[in-house]
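Report on the following structure.
The values are calculated or read from the model by the stated rules, or taken from the named source; none is laboratory data. What you see is a predicted model, and the numbers here were worked out from it, not measured in a lab. Positions of Cβ are generated from backbone atoms using ideal geometry, with glycine treated the same way; all protein chains shown enter the neighbour counts. When the accessible area is computed, the model is the full protein with side chains, heavy atoms only, and any ligands, DNA or RNA have been set aside. Shrake-Rupley method; radii C 1.70, N 1.55, O 1.52, S 1.80 Å.
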Amino acid sequence: MTLELAQPLTKHELRRRLVAERSALDPRDVELASTRVCRSILVIPEYERASAVALYSAFANEVNLETLARDCERQGKRMLLPRFNEGGGAYEMVWIDAWDADRIPGRFGIFEPDARCAVASPVKLEERSVLWLVPGVGFDRFGNRLGFGKGYYDRLLDNVRGCRVGICHGFQIVEKIPSTATDVPMNMIVSDQEVCRIDSSV
């Protein structure tokens with residue numbers, strides 16, 4: 001179900017509204033939504049043919065992708081996770097082999113790869129065989145994404161050619177999100193309520 005807005009909200013207003021609604025979720029509802037989202041992703045062709053999957057570590061009631069990480073481990077799909085680079089002031093994508101053993105608490109308390117995990121090369125990240133699962137505060141049906149306003153994921157997704165999948169709860173899909181030229185759109189959005197395909201050319 002798409003949240004219809006009586007009048008256009010600014011990014012700041014919309015972000016505050018959606019973050020508050022997500023923060024109020026019952027943990028049991030988050031777990032149920034996460035199960036539904038993971039089940040949907042497991043059967044899409046883009047996941048089945050991916051050689052590597054860019055995941056994220058959930059926080060603040062985001063959809064949890066642990067089920068997908070376990071499946072990647074079973075199938076031998078390579079896994080990527082963001083890690084904050086203090087020197088560069090930005091996130092970088094890093095290879096992990098084990099969801100449990102290779103993650104430690106990092107910036108903002110979000111789990112990220114520990115220091116021994118290797119940074120992925122830009123050439124590898126640009127390959128079409130990498131499936132990107134992208135968190136967000138909100139999405140719309142045009143593929144626009146609302147993050148926390150720092151531009152971290154837009155920089156990570158620069159020059160990416162693999163399928164970009166926005167991951168969210170159903171209420172986080174809104175009628176319209178203001179976008180700029182630097183915002184990287186999604187090719188698909190998966191929530192606990194639906195799979196929304198926006199661009200099938202990837």
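Below, the figures for the structure above:
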item: Accessible area of the stretch 9-102 belonging to carbon and sulfur atoms, whole % at 1.4 Å probe; result: 48 percent
item: Loop chymotrypsin sites (Phe, Trp or Tyr not before Pro), the stretch 1-76 (other Cβ atoms within 10 Å of the site Cβ: 15 or fewer; DSSP); result: Phe59
item: The chain: angle of helix 27-42 to the longest principal axis, Cα-based, in degrees nearest 10; result: 70 degrees
item: Accessible solvent surface per residue of the chain, calculated while the other protein chains remain in place, 1.4 angstrom probe, Å²; result: 49 Å²
item: Of the GluC sites (Glu not before Pro) in the stretch 14-99, those whose Cβ has at most 11 other Cβ within 10 Å and which sit in DSSP loop; result: Glu86
item: Rounded to the nearest 20 debye, dipole of the chain from Cβ charges on Lys, Arg, Asp, Glu; result: 240 debye
item: Filtered trypsin sites (Lys or Arg not before Pro), the stretch 1-91: DSSP coil and at most 15 other beta carbons within 10 Å; result: Arg49
item: For the chain, share of DSSP beta bridges that run antiparallel, in % to the nearest 5; result: 50 percent
item: Label corresponding to mean projected area of the Cα convex hull in nm² when calculated from the structure given, among (1) 17.9; (2) 13.8; (3) 10.8; result: (3)
item: Prolate/oblate/rounded label for the stretch 103-156 (Cα gyration tensor, a/c 1.5); result: oblate
item: Highest-MSF residue in the chain out of Pro135, Pro113, Pro45 [GNM, Cα springs under 10 Å]; result: Pro45
item: Charge context of Leu157, other residues only, Cβ under 13 angstrom, K/R +1, D/E -1; result: -1
item: Nearby aspartates and glutamates by direct alpha-carbon distance to Lys11 (threshold 16 angstrom, same-chain neighbours under 8 apart not counted); result: Glu21, Asp140, Asp154, Glu175, Asp183
item: Solvent-accessible ranking of Ile198, Ile41, largest area first, probe 1.4 Å; result: Ile198, Ile41
